[in-house]
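Note sheet for the following structure.
The values are calculated or read from the model by the stated rules, or taken from the named source; none is laboratory data. Note that the structure is a prediction, hence the values are computed from the model and not measured. As a convention, Cβ positions derive from the backbone with ideal geometry for all residues, glycine included, and neighbour counts pool all protein chains shown.
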Amino acid sequence: MLIQLLFVLTAIIIGARLGGIGLGVMGGVGLAILTFVFGLQPTSPPIDVMLMIAAVISAASCMQAAGGLDYMVKIAERILRRNPSHVTILAPIVTYTLTFLAGTGHVAYSVLPVIAEVAADSKIRPERPLGISVIASQQGITASPISAATVALLGLLAGFDISLFDILKICVPATLIGVLVGALFSMRVGKELIDDPEYQRRVREGIFKEEQQGATIVKNLFNARISVAIFLCATLLIVLFGSIPTMRPTFDGSTVGMPIIIEILMLSAAALILLCTRTDGIAATKGSIFPAGMQAVIAIFGIAWMGDTFISGNIEQLTASIEGVVREMPWLFGLALFVMSILLYSQAATIRAIAPLGLALGISPMMMIALFPAVNGYFFIPNYPTVVAAINFDRTGTTGIGRWVLNHSFMMPGLITTVVSIATGLLLIQFFA
């Protein structure tokens, strides 16, 4: 089993280094080794999860093509520019909300330069709002009803009589409280901007100059608003159908599952956006959301399939070796989720690959929901795209990576937010269990 695990981890590490679809295709290599070399029977690929994510990404991509994403970013910009002195608190709420509504943390790219500019203009150290804003954009994924990670968790817990509302009523308040606590701690990070040596050097040498960034332009405001309205209505319907099972159709005594409901509603929303706004369907594939979402689909296809096969083929040994520890201290499984998210760079892939083991070890579904925010660990190594983008957008030089690599601008807010989110979730399940 240890040799098999070594091959699995090697495939993950190489895939993460390749980037893009590399994680997913290396999962296929690992699966091939497990099947043809070690003789493990392949499990079924996670088709439902992949199709749900594809449907959600289709709708979000159509909304972006119609200008809906720019419209939401424009509203966010307006909020930040009207309240510059509170940017460290407001910025993470903005990125959290955008992620919650869009289902992907990549929407943060659009507002990060605005956050950096507003902070610098107000003589607030940009590192403070930028660091926690990136973390908030990740935490929002584990609260969004339409994110790939939440969809993956819902699919795994469907057999335990867990609804979408059961996940949201724990994860939304838990992650939001975690983000707010992280923001409060971020307000005291580092020296004040005017006292920062790097900022002073850049001003002195003319590297940093006051520049006014233009506001986001929405080409067709009517179409943008229509696309956002359709997308949000579909999201609301998903929450309602997930929270009230009696609303779902019943055939031959069986209620239609949430995977099918999500797929129907999101594909329909995508079609309505294209029809109502007369948007070119090809344009939807050229935005930033579509390729990022498809990378998530491929990652889950390969990595989750490989992980399922490894766990299924070694479940007796895995259970015998760590069952006692996990049952006595189930919160330790959160550490496993955190570590694997660092390697996988995907909340959805982490949940789909690791959560089945936790359930097999006897961790309760509600405990799994409380530990869900632990999958937001890929800030730990500062090479994730939103982390790199935030560093580059800060022209004052206050946001960066330290001499020891891990002492970077995102470590403190990331750890505090994640720990507080999990702790709050563990507290909430005592009331809702």
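Of the residues making up the range 117-144, those that are buried (at least 24 other Cβ atoms within 10 Å of the Cβ) and charged (D, E, K, R) are ARG125, GLU127, ARG128. Considering the range 378-418, the residues that are over 24 Å from VAL114 (Cα atoms) and touching a residue at least 60 places away in the same chain (Cβ under 8 Å) include one that is surrounded by the fewest Cβ atoms within 10 Å (Cβ to Cβ), namely ILE416. Only a single item in (1) within 27 Å of LEU359 (Cβ to Cβ); (2) in contact with a Ser or Thr (Cβ under 9 Å, 6 or more places away or on another chain) is not met by PHE432, and it is number (2).
Among the residues examined, SER312 does not qualify as of a type outside the set (A, V, I, L, M, F, W, C), in contact with a helix residue (DSSP H, G or I) (Cβ under 9 Å, 6 or more places away or on another chain), surrounded by fewer than 24 Cβ atoms within 10 Å (Cβ to Cβ) and at pLDDT 85 or above.
One line per residue, one yes/no per condition, for (1) surrounded by 12 or more Cβ atoms within 10 Å (Cβ to Cβ); (2) over 30 Å from THR279 (Cβ atoms); (3) modelled with pLDDT under 90:
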site	(1), (2), (3)
GLY178	yes, yes, no
TYR199	yes, yes, yes
ALA224	yes, no, no
LEU232	yes, no, yes
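Taken together, the criteria place VAL56 among residues that are in a helix (DSSP H, G or I), at negative phi and crowded, with 21+ Cβ neighbours inside 10 Å.
Which of the residues belonging to the range 331-342 are surrounded by fewer than 21 Cβ atoms within 10 Å (Cβ to Cβ) and under 21 Å from ILE300 (Cα atoms)?
Step one: filter the range 331-342 for residues surrounded by fewer than 21 Cβ atoms within 10 Å (Cβ to Cβ), giving 331-332, 335-336, 339, 342.
Passing the criteria: LEU335, ALA336, VAL339, ILE342.
Looking only at the range 102-113, which residues are of a type outside the set (Gly, Ala, Ser) and surrounded by fewer than 21 Cβ atoms within 10 Å (Cβ to Cβ)?
Listed by number, the residues that qualify are TYR109, PRO113.
May I ask you to verify whether VAL107 is over 17 Å from the mean Cα position of the chain (by Cα) and either closer than 28 Å to LEU221 by Cα or of a type in the set (Val, Ile, Thr) (or both)? Considered against the rule, which asks whether it is over 17 Å from the mean Cα position of the chain (by Cα) and either closer than 28 Å to LEU221 by Cα or of a type in the set (Val, Ile, Thr) (or both), VAL107 comes out as no. Could you check, for the range 13-30, whether at least one of its residues is hydrophobic (A, V, I, L, M, F, W, C), in contact with a Gly (Cβ under 9 Å, 6 or more places away or on another chain) and closer than 18 Å to GLU316 by Cα? No, the range 13-30 has no match at all.
Among the numbered conditions (1) loosely packed, with under 14 Cβ neighbours inside 10 Å; (2) at pLDDT 85 or above; (3) more than 30 Å from LYS123 (Cα to Cα), the only one that VAL228 does not meet is (1).
Can LEU90 be described as more than 18 Å from ALA269 (Cα to Cα), free of Cβ contacts under 8 Å to residues at least 40 places away in the same chain and part of a helix (DSSP H, G or I)? Taking the combined requirement at face value, the residue satisfies it. Of the helices (runs of 4 or more DSSP H) lying entirely inside the range 332-415, those containing at least 3 residues that are farther than 26 Å from ILE14 by Cβ and among the aliphatic types (A, V, I, L, M) are 365-371.
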